[in-house]
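Heads up: the structure comes next, in structure tokens.
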Amino acid sequence: MKMQNARKVMVPLAAIAIFLLAWEWLVWFMGWPRYKMAAPSDIWPAFWRFRHMFLEYGWQTLWRTVAGLGLAVVVGTAFGMLMGFSRTLRDAFYPLLVGFNAVPKATVVPVIALMFVGQHDFNTILIAFMISFFPISVSVAIGLSTLEPEYRDILRSLGASKFTIFWKIALPKTLPEFFGALKVAATLAFIGTNLMEIVEPHGRGLGHLFDSGKISADYPLMFAVLIALAFLGILLYYAVVVLERIFAGWADRSPA
Amino acid sequence: MTNLIEIKGVTHAYPTADGPLPVLDDLNISIPEGSFCAVVGPSGCGKSTLTRLIAGLMFPDKGEVWLHGERVRSPRSTVGMAFQNPVLLEWRTILQNVMLPLEIVAPRMPRAQKEDRARSLLALVGLEGFADKRPSELSGGMRQRASLCRAIVHKPEILIMDEPFGALDAFTREDLWQLMHKLRAEEPFTALLITHDLRESVYLADQVIVLSGRPARTQYRLDIPLPGPRPLSMIYTPQAVEWLAILRDQIEIAQGRAPVRSGAVQSQEAAQ
Ligand SMILES: Nc1ncnc2c1ncn2[C@@H]1O[C@H](COP(=O)(O)OP(=O)(O)O)[C@@H](O)[C@H]1O
Ligand SMILES: [Mg+2]
């Protein structure tokens, strides 16, 4: 067991190290100048030089993403419940949701920025929310509407209320699908935040740092931002995985 | 003996795109308290509909369903249900699954008491060692045992079973038949069993009702006046074989075909 745990950590770390080495070697071998492709050895100094900004802006990007995602969970679940319980509401909302989801969010960003001028936090959270709530509402709706009638009947035949049935059966039964969607939604929300920060820079977030790297032609900084973003993305994803283990670990049938 | 369940002239149709689909037609069934009633009939004739009407999950277009002297107008906690699909909740242990109805019916009962009741039932069906396992860790027969425990844990007056053994292999099924007799000896419920296995109906029931094809009427009623618990060898007695043959013919008739044996049509116990 201990050996296996060590392997679980060592294998990905080794893979990352090999990846970085290969990257460094490739840049050296091809003789690429920095403005074409920065090497890992260029990126670390960039990190260090701007470490305070990375911390501050990274935190801004993170909390706004989490806020947007949280909003998406609340609103998406509510919509999903309405659509899951009522066929009429499902028929009514579904085309609207699909159409809404089909609009590329990059085009929505300037519109939102114009509508709520100066409300940067709000705008960013709004985009993160808009881009991520679709998979959540659809997964909750499908989870609830495909609940086999027998599951409902074992409690309904005892005179249990609709809420009790939802709380004791429908909700837990939907959790695995919900977390599947939440992983997708977390990634999407993160894209949303960055979209806002980069397309409509307002002096905040990693997107802004990226933009200033671009303006001052500081390519190692731009690459450093990319890596910081990847790091945050991984953090967010595994936070969802941990929540999934806690609340829907029972759905994992693989031998422990 | 008083009748626990009284089904009087129940007629029901489902609305469909092609107009109403008549499913039950002037159905009359009486089930005495403490007895075991089996209902057999062609597939799709309305047996599951009948169980949902008795459980108060839906209401007939015409006619009345009475349970213990009261007209059924809503679901009630004196009913227990078991289906072909054991519908155990994977996020609960077997013990927690069995305790579920008590959480609804007796929310104020102390947890220890709920647990005692659930554990004693699990022991009765031979699952005492599996209380803390997850449903997916059990075999199909064991899951159905747990499902039966859950259906009677709150001491319902009536246990409604809709083809509970239909998905099990023949040997497991016979084990569960014997378990059914054992449960009846220990627990005071009245039982309604939907089945498509005639031997099962003869072995378990005090009366077997044959429904006609859709829309279902009470086509035939057979009394099995033998006390329980019955040994499994009962199904091989000449008497039981005769009953089986009668039921077999009635099923053929229900499906609109000629009986297997000629001359068996007019039987002494035709439905009233
Ligand atoms: N909710 C429903 N709406 C429309 N038709 C239904 C519904 N439920 C069942 N039916 C139809 O009613 C008939 C009887 O169904 P059911 O009671 O489940 O039969 P059985 O259990 O005897 O096989 C079937 O033909 C079925 O297709
Ligand atoms: Mg059925």
query = What's the extension gain from A:Ala106 to A:Lys36 if we count 0.36 nm per residue and subtract their Cα-Cα distance?
reply = 22.6 nm
ask   = With θ set to phi - 60° and the Karplus curve 6.51 cos²θ - 1.76 cosθ + 1.60, what are the ³J(HN,Hα) couplings of the stretch A:85-101 in order, to the nearest whole Hz, using x for Gly and Pro?
value = 8, 10, 5, 4, 5, 5, 4, 6, 7, 4, x, 4, 4, 4, x, 4, 6
ask   = Which of A:Val108, A:Val74, A:Val11 moves the most in a Gaussian network model of chain A with Cα springs under 10 Å?
value = A:Val11
Space enclosed by the convex hull of the alpha-carbon atoms of chain B, per residue, Å³ = 144
ask   = Roughly how tilted is helix A:105-115, in degrees to the nearest 10 and between 0 and 90, from the longest Cα axis of chain A?
value = 90
task = Specify the inter-centroid distance of the stretch A:131-160 and the stretch B:238-252, based on alpha-carbon positions, in whole Å.
result = 44
request  = Among the listed pairs A:Lys162/B:Lys62; A:Lys105/A:Lys183; A:Lys173/B:Lys114; A:Lys168/B:Lys62; B:Lys47/B:Lys133, give every one whose C-alpha distance is greater than 31 Å.
outcome  = A:Lys168/B:Lys62; B:Lys47/B:Lys133
note = Most fluctuating of A:Phe19, A:Phe129, A:Phe100 in the GNM of chain A (C-alpha, under 10 Å) is A:Phe19
ask   = What is the set of long-range amide H partners of B:Gln219 at a cut-off below 5 Å, with H atoms built 1.01 Å from backbone N?
value = B:Val210, B:Leu211, B:Ser212
task = Could you order peptides B:225-232, B:208-215, A:154-161 by the average number of other Cβ atoms within 10 Å of their residues, highest first?
result = B:208-215, A:154-161, B:225-232
request  = Per residue of B:175-186, count partner chain C-beta atoms within 10 Å of its C-beta, then hand back the mean as an integer.
outcome  = 0
remark   = For the pair B and A, the solvent-accessible area buried on both sides (1.4 Å probe; DNA, RNA and ligands excluded), in Å² to the nearest hundred, is 1900
ask   = Comparing the chain by itself with all protein chains present, which residues of the stretch A:133-182 are at least 50 Å² less accessible (probe 1.4 Å)?
value = A:Glu150, A:Tyr151, A:Asp153, A:Ile154, A:Arg156, A:Ser157, A:Leu158, A:Lys168
inquiry  = Cut-off 10 angstrom, C-alpha nodes, Gaussian network model of chain B. Which of B:Ala13, B:Ala38, B:Ala82 fluctuates the most?
reply    = B:Ala13
ask   = What helices does chain B hold that run 15 Å or longer along their axis, going by alpha-carbon atoms, with a Kyte-Doolittle average of -1.0 or more, using DSSP H for the helix calls?
value = B:94-105, B:111-124, B:140-152, B:170-186, B:238-254
request  = Would you mind computing, in nm to one decimal, how far apart the modelled labels at B:Met109 and A:Ile246 are, each placed 7 Å from Cα along Cα→Cβ?
outcome  = 3.2
ask   = So, in Å, what gap is there between the alpha-carbon centers of the stretch A:87-130 and the stretch B:113-166?
value = 49
request  = State in Å² the accessible area per residue of the protein assembly as shown; use a 1.4 Å probe, count heavy atoms of protein chains only, and round to the nearest integer.
outcome  = 49
task = Can you tell me the 0 to 90 degree angle between the C-alpha axis of helix A:40-49 and the longest principal axis of chain A, rounded to 10?
result = 80
query = Calculated from DSSP H runs of 4 or more alone, at -39500 (n - 2.57) each and per residue, what is the 222 nm mean residue ellipticity of chain A, nearest 500?
reply = -28000 deg cm²/dmol
key: Solvent-accessible surface ranking, highest first, for B:Glu200, A:Glu177 at 1.4 angstrom   = A:Glu177, B:Glu200
Accessible carbon and sulfur surface of chain A relative to its total accessible area, %, 1.4 Å = 72
ask   = To the nearest 20 debye, what is the magnitude of the charge dipole of the protein assembly as shown about its Cα centre, counting +1 on the Cβ of each Lys and Arg and -1 on the Cβ of each Asp and Glu?
value = 1000
ask   = Taking Cα atoms, how many degrees apart are the long axis of helix A:219-248 and the longest axis of chain A, rounded to 10 and kept between 0 and 90?
value = 20
remark   = With the dipole of the stretch A:63-184 defined by +1 on each Lys or Arg Cβ and -1 on each Asp or Glu Cβ, the option from A:Ser86, A:Asn123, A:Gly99 whose Cα lies farthest towards the positive pole is A:Ser86
ask   = At a 1.4 Å probe, which residues in the stretch B:89-108 are at least 30 Å² less accessible with all protein chains present than in their chain isolated?
value = B:Leu89, B:Glu90, B:Trp91, B:Leu100, B:Ile104
remark   = Accessible-area loss of at least 40 Å² in the complex relative to the chain alone (1.4 Å probe) applies, within the stretch A:214-256, to A:Trp250, A:Arg253
query = Once all Cα-Cα distances of the stretch B:4-163 are split into 10 Å bins that start at 0, what whole-number percent is in each one?
reply = 10, 35, 30, 20, 5, 0
query = What residues have an amide H closer than 5 Å to that of B:Leu27, excluding those fewer than 5 places away on the same chain, when H is modeled at 1.01 Å from N in the peptide plane?
reply = B:Gly9, B:Val10, B:Thr11
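The values are calculated or read from the model by the stated rules, or taken from the named source; none is laboratory data. In this text the structure is predicted, and so the values were computed from the model without any measurement. With ideal geometry, Cβ positions are generated from the backbone for all residues, glycine too; neighbour counts draw on all protein chains shown. Heads up: the accessible areas ignore ligands, DNA and RNA and are worked out on the full protein's heavy atoms, side chains in. Shrake-Rupley method; radii C 1.70, N 1.55, O 1.52, S 1.80 Å.
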